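The values are calculated or read from the model by the stated rules, or taken from the named source; none is laboratory data. None of the values given here were measured: they were computed from a predicted structure. For neighbour counting, all protein chains shown are included, and Cβ atoms are generated from backbone atoms with ideal geometry for every residue, glycine included.
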Amino acid sequence: MSKEKSSNNKKISLAEVARAAGVSKMTASRVLRDQGGFSESTRQKVMAEVERLGYLPNRMATAFAAGESSPFIGVSIPDLRNEAFAQILEGIDHKLGTFGHQTVLGLSRHLPEEEEKWIEKILSWQPAGLILTGRVHSPRAITMLKNAAIPVVEMWDLNSSPLDMCVGLNHFDSGYQMGRFLIEKGHRKLGYVGTDHGVANAAQSRWKGFAKAVQDGGGEVCDHHCLNDVPDFYPGYYGTEQLLNAHPGVQAIFFQNDNMAVGGYEFCEGHGLRIPDDIGIVGWGALPVLSVFRKKLTTVKVRHVRLGQLAAEKLLSTLHGSAVQPVSDVGYLTVPGATA
């Protein structure tokens, strides 16, 4: 009679696998770790029982017992609703997975205190390294990171003096370039629509760069309209409505990201404003929505997936003992479109 697969919820131990396969626990362990010293028939018997019983080895315990580094890499991002961070995470996770590492995700919600709690928790798991978003951390978080003695990559905001390593772009400069672009197009009365900059530090840097360029070019920012909301289509729509109701003479609007810009475009077009003749609409990020949008949006292109890949590559190189440049600038590109 063939053996039936275990159907209860009891956790299967290595000892049970060894007993079922008719080998010692040490032999079963060697098979699972592929350390040699056993026959092919023994390997097949052990692996058959692993499959039948549904045994899941404790990879962390195995790694620590063998003196290996942890397979876990902690990655902290503000949120998953922002497509930019979702793309960055895609780049990180794919690169780490290729080299056998597992991403352990934390969401900071743009709050240093939330990041601090996550750092304290993840460090208790003894990760091989950490990838953090931004350059602003609580004093206690900085102390914990320095004492952990593991590689740390700060990403997103370019930082010439990182805690350890950094991969990012200069958000101030990207905003400045867009402001200068609009000034050179002849716009003088400009507006901005984004979300709460008390938590979105990179967006705040873009806004400051934009405002400086407009000022340098002799223009005026009529309204800096920040919403207590997420940077998405509908906030872009109603944020544009609020801005234009207060300042109907605005000639062009810079949005925190492309999704908000698409929302603003829909409001303007729905209310009889011709784009770009009556008003210019520009975004930031070159997000996926632009691939299906009916008009080519003027925006700033950022290679989000590549940024994530570079952050992971920098961390992996350090873990493998290779020398790396501490700071990498992924850059950006102002992309003229048909909306400004």
Restricted to the stretch 87-106, and to residues that are of a type in the set (A, V, I, L, M, F, W, C) and crowded, with 17+ Cβ neighbours inside 10 Å, which residue is nearest to K301 (Cα to Cα)? I88
With the condition kept exactly as written, say whether any residue in the stretch 154-166 is surrounded by fewer than 16 Cβ atoms within 10 Å (Cβ to Cβ) and over 16 Å from V302 (Cβ atoms). yes
Can A20 be described as in contact with a Lys or Arg (Cβ under 9 Å, 6 or more places away or on another chain) and at pLDDT 90 or above? yes
Counted residues in the stretch 224-259 being more than 23 Å from the chain's Cα centre (by Cα) and either farther than 17 Å from L297 by Cβ or in a loop (DSSP other than H, G, I, E, B) (or both) come to 14
Residue check: is L96 assigned to a helix (DSSP H, G or I) and farther than 29 Å from M260 by Cβ? yes
Sort out which residues of the stretch 283-301 are β-branched (V, I, T) and surrounded by fewer than 23 Cβ atoms within 10 Å (Cβ to Cβ), and write them in order of number. V289, V292
For the stretch 299-313, does any single residue satisfy the condition of being of a type in the set (A, V, I, L, M, F, W, C), assigned to a helix (DSSP H, G or I), farther than 16 Å from R206 by Cα and in contact with a Ser or Thr (Cβ under 6 Å, 6 or more places away or on another chain)? yes
